[in-house]
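Worksheet for the structure shown next.
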Protein chains: 4
Amino acid sequence: MASDATLQNEARTTAAALGPAAYRSRAGKPTVSVGIVGATGYAGGELVRLLLSHPNVKLVGLYGRNRDHVPVAESHPHLRESGLVIDQAIPKADAIFTALPHGVAAGMAREIVSAGSALLDVGPDFRLHDPADYPIWYRLDHPEPELLAGAVYGLPELHRDEMRAAAERAPTVVGLPGCYPTATILTLAPLARAGLIADLAVDAKSGVSGAGREPKADLLFSEVNESVKAYGLFTHRHTAEMEQELQAQGERGPMGSKTANPGVAKVDFLPHLIPMTRGILTSCHVRTTRPVSQSELDALYAEAYRDEPFVKVMADPPSTKHVLGSNLCRVCVRVDPRSGRVLAIGAIDNLVKGAAGQAVQALNVLFGLPETAGLEQYPIAP
Amino acid sequence: MASDATLQNEARTTAAALGPAAYRSRAGKPTVSVGIVGATGYAGGELVRLLLSHPNVKLVGLYGRNRDHVPVAESHPHLRESGLVIDQAIPKADAIFTALPHGVAAGMAREIVSAGSALLDVGPDFRLHDPADYPIWYRLDHPEPELLAGAVYGLPELHRDEMRAAAERAPTVVGLPGCYPTATILTLAPLARAGLIADLAVDAKSGVSGAGREPKADLLFSEVNESVKAYGLFTHRHTAEMEQELQAQGERGPMGSKTANPGVAKVDFLPHLIPMTRGILTSCHVRTTRPVSQSELDALYAEAYRDEPFVKVMADPPSTKHVLGSNLCRVCVRVDPRSGRVLAIGAIDNLVKGAAGQAVQALNVLFGLPETAGLEQYPIAP
Amino acid sequence: MASDATLQNEARTTAAALGPAAYRSRAGKPTVSVGIVGATGYAGGELVRLLLSHPNVKLVGLYGRNRDHVPVAESHPHLRESGLVIDQAIPKADAIFTALPHGVAAGMAREIVSAGSALLDVGPDFRLHDPADYPIWYRLDHPEPELLAGAVYGLPELHRDEMRAAAERAPTVVGLPGCYPTATILTLAPLARAGLIADLAVDAKSGVSGAGREPKADLLFSEVNESVKAYGLFTHRHTAEMEQELQAQGERGPMGSKTANPGVAKVDFLPHLIPMTRGILTSCHVRTTRPVSQSELDALYAEAYRDEPFVKVMADPPSTKHVLGSNLCRVCVRVDPRSGRVLAIGAIDNLVKGAAGQAVQALNVLFGLPETAGLEQYPIAP
Amino acid sequence: MASDATLQNEARTTAAALGPAAYRSRAGKPTVSVGIVGATGYAGGELVRLLLSHPNVKLVGLYGRNRDHVPVAESHPHLRESGLVIDQAIPKADAIFTALPHGVAAGMAREIVSAGSALLDVGPDFRLHDPADYPIWYRLDHPEPELLAGAVYGLPELHRDEMRAAAERAPTVVGLPGCYPTATILTLAPLARAGLIADLAVDAKSGVSGAGREPKADLLFSEVNESVKAYGLFTHRHTAEMEQELQAQGERGPMGSKTANPGVAKVDFLPHLIPMTRGILTSCHVRTTRPVSQSELDALYAEAYRDEPFVKVMADPPSTKHVLGSNLCRVCVRVDPRSGRVLAIGAIDNLVKGAAGQAVQALNVLFGLPETAGLEQYPIAP
């Protein structure tokens, strides 16, 4: 058996050959090697699906708890023809995606980055910058505050430069946004940056796949079908992310102040479960800090998203059906001529732009690939 | 053929023998005779279903445009065993329910009340007190402003006494509430009466049956299934009802003023279409005029609905599945300890408490029947 | 504490005062007292719902494993207003419904009938007459072969007289039909009785509530929605019931022989799970023993079901939507003029006519109540 | 205006430069130019979606009735970012897909092939070899019997060589299979070729998108949701295709005779509409001409589909969810050890392998492209 010193040397050698920095220095930019830890859930399965057709990625390993060379078809029958298997071994790879319950990725993070891999966490363990937020929202004392301090929030549309900077140093840790925050932050960012949000109610509707794959009684078809309910009143964990990011947009914007958007200090966020599998629609009811016109809104959003490949501003409110299977976020913003209130509505596929697709987009940013690589699929409808 | 004078005499005689006043004077309180005009739509079908098992009602006629003794099964295969038929003739009855597109019931109203029948309009033609609201919200010059002036808003929980008073005079005209307003007004009335609504966003989700039965491309299964969208931004006609009734609650309440609830002057109402057939969930985001505690809210709602047979206050947010097929409205009100905002959430079956069930409840009030007669069904789940 | 002898005496006294025979001898036919063992599942909940509005029934107890005075709303939020509670105690009652996994009711049966209650098992423990079928289909050695020998198959349309006879003796044990067999046997009985079934493929589609309420991964909304699959190939337990009953119809019919219907000796039964909550549609593909005409079929079915309150013969194929919530079985039989093959199609609500409604119907038969008591509801649509 | 002679010359010139033969002779095999006539329906939209990511195809025109440069987003909001428009002009292209109601493509066929384009009809106008079948099944006198005589049935798995031969001559006309026939024929072909089908019941279940996009009352969400029904008893037009192709397999097989499979002479086909958008499951109940073993069946199917990229033989019955969005057909065949009957079950996405995907596969065959080009997508689940 190897001594500790040997193992550390090996780790160092591996580290030198892996990760975004190593990738960028390789001649000819070969294919990025990628592993997935937590491949048996819905987000993990969607990652596999997307990466299988990514032109610059080689899937080198799938990790599932207590799995030993189990065909991927046992978890994901639709991916049977890939011939992949799932093992309980953290792959050696340029990048590791973790798609795990909260707390678990943080516990494995040190091992992953020590091996030289960039860590892209689809879960929540590296999303909140303030470690003090974890006990409050997740009842978790964060086990890796140092890694957390170096982590970036992986929403490319708002943090593309920080992500690229993070790729230049080691370890590279990315906390990928939650599904509700992705839709909501993209829908509100232009308003927040302009200091326009005086009061805010975020009323969101999600398909059931967002609740994960654990067999729970209230996720049975017979309970969900032909029903809608609100849940997580005042306590949904994604609230913290929305507050963090919308406040940051205020500071970044022309008003340059945390207090520019008083309405985002404590976001009134109410999620609902509706009888569909995929999709999130977020309806943001905004009272503005000053009167705005429709043409001002139009200009604000056109400017914000003109060059974004995945955020599409529309005149009419979007349907989740028209983003399904794609990495698109469709956004519509409208001012009520009668009351002056603003509605900003966003739609995403929670498993793509809200999870796996966004993770792939982040990978592309980190490794200098075309940002749309592997994500060019049009939505599938009806 | 009878002369005009004779016909008028007959009408007068009929009028004397019909309607709630006549019914109340009859010895032994015999069965109320009821007709339905617009029996082929979803609300009409649900009225038939409910009235078929009403112990004090005799269904004497179903009216459908261009129908001549057509079996009800052609429109409502589930009611095939009733053996009823649909004709194009306004029935002579103590009470006539109209379930028609806007403007149509108003056009038939004079004929109906002249025959001595009480008119209970499931549609919108007698909901708004101010005739000037009809051109604005319905692009309709109201053809019967006099009848409108005498009409009552048929939400028994708020207007029971006015409804009883209307039953004593002739003509008796009841404008039954819309589906969204029913859920929303019942959910907010205690807050409005207490003058607590400083700002308000009403975010509602409806099953597709609320959109009616006309074959439209965007109501096809393939378009609705696995999708959610907002619609009717800033222009949904039910907005006017909500504003009218919530303002009236403010005037009625201890604050006694239209301005007690500044947030209801122009309600921010956003409806959504979700992939289910029945049910409305209304999520009301309230910023209060002063800080409130959960116990104050609990007391307020317990007091408001203690004796109501159909409004049930719950600690947890309701699912529409748990009111389906019943006349119940389930309500939950909660204050966010972090932000002080209040969420009030209500659930109804849009075709029962939101349409046909409420109509039957109103009939019961008008004719002095037990208010729950014909409406005792428990919800059907799963 | 009472001695064993005392308890036995009490039991005997109770037995004398309970059950269908005791009920029939009571002056004035008072209300039947009923208990439900297994009240927390879907069939149990539906029994509660139906019995709450049964005019001749008093619900005296609900049994749930490891429950101690737990409000019914914890299992069935839609029944919250009933105020009922669930306990772990077998109620003393004229009749006990058991709605339990296979083998469990058989294990409790002796205790139930010893207390004088009639036992109506919604589960499979008393459906198959031959004890040797239980090890084959259920991997179960039947623990109560004596009770099984005296049990009747509780499909009133075929065994009404036997059920009445069983009510006259003690113990009274009824094995209520499964959901697929109810639909299929009623759909095929006239053909079987006429000796017409030469070959038979039964292709059935069920809503998910038929699979019960245990949280299983493949019953999650995200797995069932937007999908259909066959399951239980060649091994579905309901096959045995269909074979038993269809053969018996052959012996009962004019041909009077087990071999009259060679196609039912080994029924080719294939069930499918489809994305809906309630409903079973059974499509029976029949090759007949001799050519038949449509008018012969029409006469056969009209004759068979003319006086049945719950079986309705229709010219067009039925939709499950048009039986939902009711105890109806809609049947359509048609001969293909091109090929001479016969299609017989039946639709039921699996939780009503396929479980709880049929159980109530059987109770009515046993206790001499009007057979439709508590079951007059029209289907609810849309 | 050009004289007729000029137009004919132009047509001839165009014809020389277009179509599969012209394509094959071009140096370097440039991109195939493709147009779609009938681009506004579901099959048309799916064709656009697939072709947009086809590496060897250039979409040169979309035709829609009464459209003049209308953005594709009006019909297909999910394809908004393609920037395509729809016109009422038949495109000049190597290949034209027609996705039209029956009779319409036949009426336009002459114009299309005269322009030199290969015609691939997604509709039924060129599927049935015998013109006499059109009046029977489609109430249509075929207007182009000559073109029909030269048409091939475009199921590549069974007719790949004929399709290639058709591409070498002009005009090239392909009648693409219907959705039910695609699933059913692929599921049964190995049995038919082996002369094993003595009796056959095909019981199929389809998602609603198969019924098209015309707004019809019985396709409304509220009518379809939570319901299942059979339709088209004995008269579904796809029956003719199944009989034609299964009989042809018998003749092609080792038995070499039309009568090898007596059960396919008049297929007992029963389609059902179930509450989902996409997917077809076909359950084929087969009585065999002689006893077969599971291992014989396994060998038969493995041999038949070993090299097929899109037909996958599985040990367990497939779910439609696990083919959604892909061109796969999953097949499972099993013999009942108790009765000797055989079940063969197949699953496809009706809009992909059942329509647009198959059309693209056929295009690939005709133009000598890799058969999987543009069709490599894995299914999307959940």
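Computed over the protein assembly as shown, the per-residue total of -39500 (n - 2.57) for DSSP H runs of n ≥ 4 gives a 222 nm mean residue ellipticity of -9500 deg cm²/dmol, rounded to 500. For the residues of C:71-83, the average number of beta carbons from a partner chain within 10 Å of their own beta carbon is 4. Counting Lys and Arg as +1 and Asp and Glu as -1 over every other residue whose Cβ lies under 11 Å from the Cβ of C:Gly154, the net charge comes to -1. In segment D:340-355, burial by the other protein chains removes 50 Å² or more of accessible area from D:Arg341, D:Leu343, compared with the chain on its own (1.4 Å probe, ligands and nucleic acids ignored).
When the surface is traced with a 1.4 Å probe over the full set of protein chains, B:Lys58 keeps roughly 120 Å² accessible.
Across segment D:24-179, Cα-Cα pairs farther apart than 20 Å form 49% of the total. Excluding ligands, DNA and RNA, the accessible surface per residue across segment A:269-382 is 25 Å² with a 1.4 Å probe. Of all the accessible heavy-atom surface of the protein assembly as shown, with the other protein chains kept in place and a 1.4 Å probe, what percent is carbon and sulfur? Answer for the protein assembly as shown: carbon and sulfur cover 52 percent of the accessible area.
Close amide-amide hydrogen proximity is noted between A:Val60 and A:Val34, A:Gly35, each under 5 Å apart and 5 or more residues distant or on a separate chain (H modeled in the peptide plane; Pro and chain starts excluded).
Note the distances from C:Glu308 to each other copy's matching label point, with points 7 Å along the Cα-to-beta-carbon direction, in nm, sorted shortest first. Distances to the matching label points in the other copies: 4.1, 4.5, 6.1 nm.
The string of couplings for segment A:147-161 from the Karplus curve (6.51, -1.76, 1.60, θ = phi - 60°) is 4, 4, 4, x, 7, 10, 7, x, 9, x, 4, 10, 10, 4, 5 Hz, one whole number per residue in order, with x for Gly and Pro.
Note on C:321-328: average number of Cβ atoms from other chains within 10 Å of each residue's Cβ is 5. Dipole orientation for segment D:263-333: of the candidates D:Ser293, D:Leu281, D:Val311, D:Leu281 has the Cα lying most toward the positive pole (charges on Cβ; Lys, Arg +1; Asp, Glu -1). Label-point spacing for A:Ala89 across the identical copies (point 7 Å from Cα in the Cβ direction), in nm and ascending order: 6.0, 6.1, 8.6.
Of D:Leu281, D:Leu47, D:Leu273, the residue with the greatest mean-square motion in the GNM of chain D, using alpha carbon springs below 10 Å, is D:Leu273.
Across segment D:241-249, computed HN-Hα scalar couplings (Karplus, 6.51 cos²θ - 1.76 cosθ + 1.60, θ = phi - 60°) run 4, 4, 4, 4, 7, 5, 5, 4, 5 Hz from first to last residue, x flagging Gly and Pro. Debye calculation, C-alpha points only, no solvent: report log10 I(q)/I(0) for segment A:144-192 at q = 0.15, 0.16, 0.23, 0.26 Å⁻¹, in the same order as the q values. Rounded to two decimals, the profile gives -0.44, -0.49, -0.84, -0.96. Take the Cβ atoms of D:Glu376 and A:Tyr231, set R0 to 41 Å, and the FRET efficiency comes out at 0.60. Selection among C:Tyr180, C:His159, C:Val208 by position relative to the dipole of segment C:149-264 gives C:His159 as farthest towards the positive end (Cβ unit charges, Cα centre). Using the Cβ of C:Arg334 as centre and a radius below 11 Å, the other residues enclosed give a net charge of -2, where K and R count +1 and D and E count -1.
Residue order by solvent-accessible surface for C:Tyr134, A:Tyr63, C:Tyr231 is C:Tyr231, A:Tyr63, C:Tyr134, largest first, with ligands and nucleic acids left out and a 1.4 Å probe.
Its Cα centre serving as origin, segment C:141-228 has a Cβ charge dipole (Lys and Arg +1, Asp and Glu -1) of approximately 300 debye. Springs between Cα atoms under 10 Å define the GNM used for chain A, and in it the highest mean-square fluctuation of A:Pro318, A:Pro262, A:Pro291 occurs at A:Pro291. With q set to 0.06 Å⁻¹, the log10 of I(q)/I(0) for the protein assembly as shown, from the Debye formula over equal scatterers at the Cα positions, is -0.63. Taking every pair of Cα atoms in segment B:263-366, average 1/r, invert it to obtain the Kirkwood radius, and report Rg/Rh to two decimals. Rg/Rh for segment B:263-366 comes to 0.99.
Take the Cα of A:Arg139, step 7 Å toward its Cβ, do the same at B:Asp316, and the gap between the two points is 1.6 nm. The residues of segment A:260-306 occluded by other protein chains by 20 Å² or more of accessible area, set against the chain on its own, are A:Lys266, A:Asp268, A:Leu270, A:His272, A:Ile274, A:Pro275, A:Met276, A:Thr277, A:Arg278, A:Leu281, A:His285, A:Arg287; surface from heavy atoms, 1.4 Å probe.
Mean per-residue shielding of peptide D:115-124 is 0, counting Cβ atoms of other chains within 10 Å of each Cβ. Remark on segment B:169-218: accessible area falls by at least 50 square angstrom from chain-alone to full-complex state for B:Asp199, B:Pro215, probe 1.4 angstrom. D:Ala230 sits among other residues whose Cβ lies under 11 Å from its own Cβ, and their net charge, with Lys and Arg +1 and Asp and Glu -1, is +1.
Take the Cβ atoms of C:Thr31 and B:Ala89, set R0 to 41 Å, and the FRET efficiency comes out at 0.40. If you sort D:Arg278, D:Arg287 by accessible surface, 1.4 Å probe, largest first, the order is D:Arg287, D:Arg278. Net charge dipole, chain A: roughly 460 debye, given to the nearest 20, about the Cα centre with Cβ charges of +1 for Lys and Arg and -1 for Asp and Glu. Each Lys and Arg Cβ is given +1 and each Asp and Glu Cβ -1; about its Cα centre, segment C:226-300 then shows a dipole of about 140 debye. Placing unit charges on the Cβ atoms of the charged side chains and taking the dipole of segment A:6-163 about its Cα centre, the candidate lying farthest along the positive direction among A:Pro143, A:Ala22, A:Ala89 is A:Ala22. The contact between chain C and chain B removes approximately 2500 Å² from the accessible area (both sides summed; 1.4 Å probe; ligands, DNA and RNA excluded). Label-to-label distance for C:Glu303 and D:Glu308 is 4.7 nm, based on points extended 7 Å past Cα in the beta-carbon direction.
Phi angles of segment A:21-32 translate, via the Karplus equation with coefficients 6.51, -1.76, 1.60 and θ = phi - 60°, into HN-Hα couplings of 5, 4, 4, 5, 7, 5, 5, x, 6, x, 4, 6 Hz per residue; Gly and Pro are given as x.
Evaluate E = 1/(1 + (r/R0)^6) for C:Glu296 and A:Glu74, where r is the Cβ-Cβ distance and R0 equals 45 Å; express this FRET efficiency to the nearest 0.05. That pair, C:Glu296 with A:Glu74, gives E of 0.30. Each other copy places its own label point for B:Lys216 at 2.1, 3.5, 4.1 nm from this one, sorted shortest first, where the point lies 7 Å along the Cα-to-beta carbon line.
The values are calculated or read from the model by the stated rules, or taken from the named source; none is laboratory data. Here the structure is a predicted model, which is why all the values come from computation and not from measurement. Heads up, the Cβs are rebuilt from the backbone with ideal geometry, glycines too, and the neighbour counts pull from every protein chain shown. Just so you know, the surface numbers come from the protein's heavy atoms only, side chains and all, with ligands and any DNA or RNA stripped out. Shrake-Rupley method; radii C 1.70, N 1.55, O 1.52, S 1.80 Å.
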